[in-house]
Structures are given as C-alpha cells and as structure tokens.
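The values are calculated or read from the model by the stated rules, or taken from the named source; none is laboratory data. A quick note: this is a predicted structure, and the numbers were derived from the prediction, not measured. Neighbour counts run over all protein chains shown; Cβ positions are idealised from the backbone, glycine included. Ligands, DNA and RNA are stripped out before the accessible areas are found, and what is left, the full protein with its side chains, is counted by its heavy atoms. Shrake-Rupley method; radii C 1.70, N 1.55, O 1.52, S 1.80 Å.
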Amino acid sequence: MSTILTSGKSPDKRDSFRSYVKFGPTDRLNSSDDVPINEFGSESDLRLLTDELIAALCENIIYYPAFGDNRFGKILCTNFRLCFIPLAEIMQDPCCSRSLILADKYEIPLCAIEEIHYCSIPLEPKRLASKKFRPMTGPFSTLDIVSCIKIFVKDFRVFAIDFQNSQFAVSFCNQMFHFSRPSRLTTLFQLARFEPNAELWRGETPSFNSKIDWESELQRCDPNGWRMWRVTFFNSDHGRAFSPVASYPECVVVPLDLYDHRLETICANWVNHRFPVWCWASQQGCAILRSSDANTDSMATEHLWEMVRNNVALAHPENEMTEIMDVTIPRQRVASAHSALRKLCSTDMLSSFLETDNQWYTNVSETGWYQLVFQCLTHSLNVVELIVDRRRSVILKEQEGLDMTAVVSSLAQLCMDPHFRTQKGFAQLVQKEWCALGHPFGLRLFGASCATSSSLADEMAPVFLLFLDCVSQLVYMYEAEFDFSQAMLVSLWDLATTGLTTTFTCNSFKELVGMGMRCDAFPLTRFYSSEHCRLFANSRHAARQLVDQTDPENPTDYILRPPRTAAQVRVWSECYLRWTPPTHTPKGGRVVGDLTVNELCAEVEALVNEKDRLSAHDSRDRPVVGWRHERHPAAAVENITSGYPYSSPEPHGAASYAADSSSSRRTGPPTPRSGAVAVARAYGRPAANAHDGSSPPAERSINAPTQVSPSSPVQSLHSRAHFAPTVRSTDRTAVAEERYEVLRTRPLPPTPSSHSPSGKGGSFSTVV
C-alpha cells in the first residue's frame with residue numbers, strides 16, 4: 001500500500017485487519033473495566049474535516065509515548081494532523097478532555113511539530129534514548145531506510161514510532177515533513193481549507209482596527225485623553241495603492257499636534273515605517289508609545305526624535321519631557337534560548353530525565369531563557385517606575401519595533417492597569433498589543449508569510465511564548481491580583497503553537513483581512529471544552545473578592561512591581577514539565593489548593609448569606625459577592641497529581657518513578673526531590689520535608705511556598721477540606737462556622753512572593 005489521498009467527503013478504505021479470536025457468550029466487552037477494540041477498517045477510525053485528506057498511512061506500528069506503555073496500532077498523516085489509532089485503548093476520564101478539535105492524546109497538528117529525528121537501524125525499547133537518532137532536514141529518497149522516528153512537539157512533548165513492521169515509513173515521513181513545514185501561510189490547512197462560515201471558525205471583526213475601538217480604549221484609560229490625542233486614518237489604504245505602514249492597523253492614535261501631512265514626511269525615517277504610536281495612558285496622563293528605531297544615526301535623526309518627544313510632551317498634562325527606552329533583544333537569542341529549553345524539558349524516558357536532573361539548575365541557567373525573562377521584567381519595571389514614580393511618558397523602541405516593544409508594553413500595562421488582569425481584559429491586551437500593532441506570528445512561530453513561498457526559518461523566534469512566561473511570573477508573585485490562572489496561560493501557549501486560529505497565525509491585520517478570515521483566539525471556549533475552561537478562573541482571586549467583598553467587575557487599583565532580583569524568577573513548571581510524570585506530586589500541587597479554596601469559599605459564602613438572612617439589622621448596604629465558581633473538574637478525579645489535566649490519573653505516580661530509578665545506570669542513590677522534581681513539587685510538600693538538603697535554602701524559599709505546622713488550624717482545615725468527604729450531616733452549620741472563624745482570625749499562609757518589594761504579593765497575602 002503506497003501513499004493514500006483520501007477525502008473526508010468520499011473515504012476509500014479497506015479492511016486490512018481480521019481477528020481470529022472467537023468470543024464466547026461470556027467474553028463480550030460488557031464491563032467498565034474492559035478494553036475496547038478498534039477495528040482497523042472501520043470508518044470510526046478518524047472523522048475527517050471538510051477537505052481534509054489522508055496523505056499517508058502506516059499499519060502495524062508501535063507507538064511509544066513519553067513515560068508510558070507502548071501501544072500497537074496504526075498512524076495516519078493528513079494534510080492537517082498526525083493521528084495514532086491504537087488497537088486497544090483504555091477509556092480516559094472525560095474530565096481530562098481539553099481540545100474541542102483534536103484528541104488530546106493521539107492527535108497533533110502538523111505545524112506543531114518542531115523536529116523529527118530518525119534512526120535507520122532497529123532499536124530495542126530500552127535503547128530509544130540512543131544517540132543514533134539524527135534530525136530529519138529534508139525529504140528521504142527511495143533508497144533510505146527508516147526504522148524508528150522521534151517527534152518533538154512545540155509544547156515540549158516527545159514520542160517515538162517504531163516502523164519495523166511497516167513497509168511505508170519513508171513515504172509516511174516525507175508526507176509528514178512536507179505538511180509540517182509550510183512554505184507560505186496560505187498552504188496551512190487551517191487557513192486555506194477551513195470553511196470561513198463554519199461555526200467553530202466564525203469570529204468577529206478584528207478588534208482595534210476601527211476608530212471606535214481606539215477611542216473607547218483612549219476614553220477608558222484617560223477620560224481627558226481626547227484633548228491630547230487623536231485617532232488618525234493615516235494608515236488606511238482607501239484611495240491609495242498601498243498602506244504606508246503594512247504592520248499597523250487602519251487606525252492608530254498619535255499626539256494631537258502631529259498632523260497627517262507631517263506623518264507622511266517623517267514615517268519613512270523609521271525602520272518598517274513604524275513611527276511612534278500611542279498604546280496606553282494612565283489616569284495622570286502619562287502614556288506609553290511604541291516605535292521602531294530610526295533608519296540612520298545622524299544629526300537629522302536626533303532632530304526627528306526631538307520633534308516627536310516635544311509633541312508627546314505637549315500631550316502630557318504637565319508637559320514633562322518624554323523618555324525614550326531601547327528594549328532591543330536580538331531575536332536570534334530568543335530562538336536559541338527557547339531551543340535549548342525545549343531540548344532540556346523534552347524527555348521521554350526516565351534514564352534521560354535522571355541524567356539532566358542532577359544538574360537541573362545549571363542546565364536551566366545555561367539555556368539562557370530565564371535571563372531573557374528577567375531582562376523583560378526589568379524593562380517593564382523601569383517603565384512602571386517612570387510612569388508611576390516620575391510621571392513621565394515613555395517611548396519604547398527596538399530595531400524593527402515588532403517584538404520586545406510588545407512584550408515590555410504589555411507587561412507594564414498588566415502591572416499598572418487592573419482591567420488587563422481579568423480574563424476579558426487580558427484578551428483585549430493581546431488583541432491590541434500583539435495582533436493590531438502587527439506582531440508577525442506567522443514568521444516567529446511558523447517561519448512563513450503570505451507574501452513569499454520561500455522558507456523563512458531564520459525569522460522564527462517565539463517572542464509571544466516568552467511573553468506568556470513573563471506573565472506567569474507576575475501571576476505567581478501576585479496571584480490574588482489576577483482573575484485568570486496559570487492554566488489559561490498554558491492553554492494560550494498551546495493554541496499559539498497549533499495554528500488553529502488566525503489571531504496567532506497571520507503576520508498583520510492586512511494579511512488577516514486579505515485572506516477573509518475572522519478566526520479570533522478569544523473566547524477560548526471556541527477551542528477548549530467547558531470542563532477545561534473552568535480551570536482558567538483563579539480561585540485565589542475570587543476568594544479575596546469574596547472575603548473582602550469587592551466587586552469583580554471593578555478590580556482593585558493596585559500597582560504591581562515586577563521582580564527586582566533574578567532570584568524571584570521561577571521555572572514555569574506548570575507548562576514545561578507537565579509532560580514529565582517524575583516531577584508530578586500525587587495528590588498535591590496547585591490543583592489540590594484550588595479544590596481546597598473552592599470548598600472553603602463556598603461554605604464561607606453560604607454562612608455569610610445565612611447570617612445576613614437571620615440578622616436583625618439591614619444589610620442591604622453591604623455589597624454581596626457570591627462564590628461564582630462552578631464545580632472544579634478535578635473534584636471527580638481519583639489518583640490526581642499536580643500534572644492535572646495533562647498527566648493521566650494512573651495508580652503509579654511520581655513515587656514509582658523515583659523507586660524505579662534504582663535500576664538505572666545512575667551513580668549513587670536517587671534523590672526524587674532534587675533538581676526539576678524540587679521545582680515541580682514545590683506545592684503540596686509536607687512541612688516535615690520543607691528542607692531535606694537537596695537544594696540550598698535560598699532556592700527553596702523561592703520555589704516552595706511557606707509551610708505551616710501540621711497541627712495548626714489552617715493546615716488541619718486544608719487537610720480535612722480535601723481528603724475528607726464533604727460534610728452532609730446536620731452539623732454542617734457548626735462546621736461552617738468553625739471554618740469561618742479560622743479564616744477570620746488567622747490568615748492563610750502566604751507564598752514566597754509576599755517578600756517582594758511591594759509587600760503585597762503572594763497567593764493569600766490579601767485574602768483575609
């Protein structure tokens with residue numbers, strides 16, 4: 001059987017498997033513990049989308065997931081995705097289902113494949129970590145031999161496929177390589193083949209591409225801003241052969257005294273014609289602007305910058321001179337650091353994981369990724385201090401004005417504007433700073449554009465993923481200040497690397513509108529199940545609103561300060577180590593804390609409402625904020641780990657991996673709480689093991705929350721809330737009053753970020 005081209009409209013499949021096992025009357029699969037069998041020729045193998053084609057198929061292959069048992073089955077490659085169909089598969093808990101488009105475990109969009117490594121000689125399962133694998137840099141010839149391949153995914157997953165019993169490995173790999181390396185964006189199935197009118201991919205008109213959107217944002221930030229700034233249609237292509245600035249939307253905001261005829265004269269002096277445009281302003285009138293660098297460095301250029309600074313100063317209420325901040329970071333540095341981090345975190349076997357775990361902190365430092373994270377946070381801290389403390393407007397510039405200005409501007413706005421710390425506000429921030437102002441997602445994430453058919457791999461640099469890591473640092477430091485959780489950031493990471501939405505695929509609004517696509521990334525409910533979207537809400541933030549009785553629609557106006565020291569930056573284990581079970585804590589981690597907070601707040605809210613109902617005084621003046629969270633999807637999962645929902649809730653957890661490590665070739669006894677394991681198990685660690693010598697106390701204070709005595713009321717309250725069944729007896733009111741009294745009289749333990757310079761960081765530092 002050679003390469004197959006099968007359409008979803010007219011499938012042409014043949015039965016290629018026949019079972020010779022005869023079932024008796026009592027042998028049928030009729031219990032919940034049985035394993036369903038997938039018939040290889042059935043039409044239920046894979047439901048193809050409209051215009052989706054099966055390009056290649058290999059049967060009798062063995063699939064090796066990372067840290068899991070191998071599966072026998074077949075694998076298909078379409079022009080959209082890679083799909084493995086196991087012969088026998090145990091049904092998974094429906095609460096772990098995430099994507100509405102793809103099967104979470106066995107389907108991967110082809111554009112999400114980072115690298116393909118192959119081996120020409122047969123390998124034993126224990127030798128899958130062999131160095132005999134070589135990267136696939138081009139199509140194979142008919143004379144090449146492919147016995148086994150390893151696929152590295154952009155979300156840091158890795159799995160192997162054994163083709164020893166299949167005859168069409170070369171053809172299959174060539175098809176997979178072809179569709180995973182788009183020469184131009186229009187060849188992506190997500191953009192070229194999906195029906196624009198399909199319900200799932202029908203989005204709204206792009207935000208911040210009209211005068212109304214920019215005027216609304218200007219009015220929201222500064223009610224008097226319309227006196228200092230104006231919305232211009234200078235970049236509109238109406239009546240012109242082309243737009244002056246290809247990466248800007250039709251409408252931008254500029255100082256009131258900077259007229260269009262002057263913009264036409266000066267815009268050519270900036271790289272990519274990206275002259276300074278308004279992004280955000282504080283209530284005091286201090287603004288953030290973005291631009292590229294000047295084309296040449298001369299006296300004329302200095303005069304040009306001076307003219308722009310004077311125009312921005314006139315828009316300042318006190319006419320303060322504008323500061324210009326260079327935030328340039330070479331994108332090649334971002335690309336190399338991300339590649340090194342992916343190689344470090346993409347492990348598929350315990351032996352290879354243990355080799356890197358001994359030197360985990362050294363290996364992470366050598367990637368250079370977190371030096372970049374800290375550098376971006378430092379730039380954003382400088383912007384916050386200029387605007388808040390010195391009351392100056394700031395112009396952010398870099399060489400092309402497409403990457404780091406978006407990172408620093410977005411982080412500064414998150415710190416100073418509480419609206420952007422909500423789920424709705426964060427979506428608006430991404431749409432404004434990244435989509436409307438022209439970050440080239442197609443070039444940076446996929447190395448492709450609509451303008452050329454040649455490969456642009458040297459343009460790839462995951463700057464948006466760097467931004468998400470920076471945001472996760474702020475969420476960790478000031479968890480009670482953010483309406484969204486780390487889970488939403490991880491889901492945004494996955495959505496950006498799959499190419500499922502034009503928001504994270506096109507390079508500008510011009511490409512988006514020119515292709516006639518309206519596939520917005522928000523709301524995320526378009527792509528993720530309702531069960532998974534429940535994880536996006538931050539329980540700590542809602543708990544503080546409940547206890548403080550604040551309005552969720554009007555968050556507290558509090559200035560966040562990014563970390564001043566590199567020691568405050570932590571590894572984003574929720575994203576990078578989610579596919580590494582040895583780092584997961586059984587019945588621990590962030591998800592266990594969420595379950596505890598949800599139950600406590602639900603009962604506190606019920607108790608407060610009951611007291612208000614029974615009280616004699618009138619409580620109508622007190623704002624009522626109910627517990628708005630739905631039932632946590634992890635509440636129905638047994639054997640849960642800190643890797644939920646990305647790790648399967650199987651009986652063997654991280655402890656079994658530590659026990660199995662004794663049989664490896666590693667020198668000396670295993671230390672399950674060292675290196676990456678210590679980082680990922682920071683939450684849920686018993687107080688008795690707060691410091692076991694596996695890492696210095698300074699590192700432990702950064703990566704692990706402050707623990708309290710197991711005999712304290714709060715600790716016993718947490719244990720009872722999660723590990724004991726919910727109270728359903730007539731003493732429920734008494735128990736609720738006891739819990740409410742504990743919450744009222746004693747604050748919950750803060751996280752280490754409460755030691756930040758602002759003094760208000762941490763998960764529970766402001767809850768009670």
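On a full-extension model of 0.36 nm per residue, what is the gain between ARG391 and TYR558, subtracting their alpha-carbon distance, rounded to one decimal in nm?
Numbers: separation 167, 0.36 × 167 = 60.12 nm, distance 1.64 nm.
Length difference between fully extended and current span is 58.5 nm.
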Subject >> Amide proton proximity set for VAL569, modelled H, under 5 Å, gap of 5+ >> reply: none
Original post:
Got a sec? Which residues in segment 258-295 would a label at ALA313 touch, if it sits 7 Å along Cα→Cβ and we count backbone N under 16 Å?
Top reply: 258, 286-287
**OP:** Could you sort 596-603, 412-419 so that the peptide with the highest average Cβ count within 10 Å comes first and the rest follow in order?
**Re:** 412-419, 596-603
**OP:** Report the FRET efficiency, 1/(1 + (r/R0)^6), for ASP458 and SER236, where r is their Cβ-Cβ distance and R0 is 45 Å, rounded to 0.05.
**Re:** 0.90
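How large, in percent, is the carbon and sulfur part of the accessible surface of segment 277-367 at a probe radius of 1.4 Å? Walk me through the numbers before you get to the answer.
Numbers: 1930 of 3930 Å².
Roughly 49 percent of what the probe reaches on segment 277-367 is carbon or sulfur.
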Original post:
Which three extents, in whole angstrom, do the alpha-carbon atoms of segment 223-379 cover along their principal axes, largest first?
Top reply: 65, 41, 35
Original post:
Which whole-Hz ³J(HN,Hα) couplings does segment 360-365 yield from phi under the Karplus relation 6.51 cos²θ - 1.76 cosθ + 1.60, θ = phi - 60°, glycine and proline marked x?
Top reply: 4, 5, 5, 5, 5, 5
Original post:
Amide H neighbours of THR641 under 5 Å, counting only residues 5+ apart in sequence or on other chains, H built in-plane at 1.01 Å?
Top reply: LYS587
Original post:
How high is the FRET efficiency from ALA103 to ASN358, r the C-beta distance, R0 56 Å, rounded to 0.05?
Top reply: 0.95
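Using mean Cβ contacts within 10 Å as the protection proxy, how do 606-612, 211-217, 586-592 order, highest first?
Values: 606-612: 15.6, 211-217: 17.1, 586-592: 21.7.
Descending packing order for the listed peptides: 586-592, 211-217, 606-612.
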Original post:
Residue-wise, which Karplus ³J(HN,Hα) couplings in Hz belong to segment 413-427, taking 6.51 cos²θ - 1.76 cosθ + 1.60, θ = phi - 60°, and x for glycine or proline?
Top reply: 5, 4, 6, 9, 10, x, 4, 6, 8, 8, 5, 5, x, 5, 4
**OP:** For GLU366 and ASP297, compute 0.36 nm times the residue count separating them, minus their Cα-Cα distance, and round to one decimal in nm.
**Re:** 21.4 nm
**OP:** Express in nm, to one decimal, how much length is gained between ALA567 and GLN283 on full extension, taking 0.36 nm for each residue of separation and deducting their alpha carbon distance.
**Re:** 99.0 nm
Original post:
In nm, to one decimal, how far is the modelled label at LYS211 from the one at SER339, with both set 7 Å along Cα→Cβ?
Top reply: 4.8 nm
Original post:
With every protein chain present, what accessible area does LYS74 have (1.4 Å probe, heavy atoms only), rounded to the nearest 10 Å²?
Top reply: 10 Å²
Original post:
If amide H atoms are built 1.01 Å from N in the plane of the peptide, which residues on other chains or at least 5 residues away come under 5 Å of the amide H of ARG81?
Top reply: LEU110
**OP:** Go through LYS154/LYS211; LYS105/LYS510; LYS150/LYS587; LYS105/LYS154 and tell me which ones have a Cα-Cα distance over 26 Å in this structure.
**Re:** LYS154/LYS211; LYS105/LYS510; LYS150/LYS587
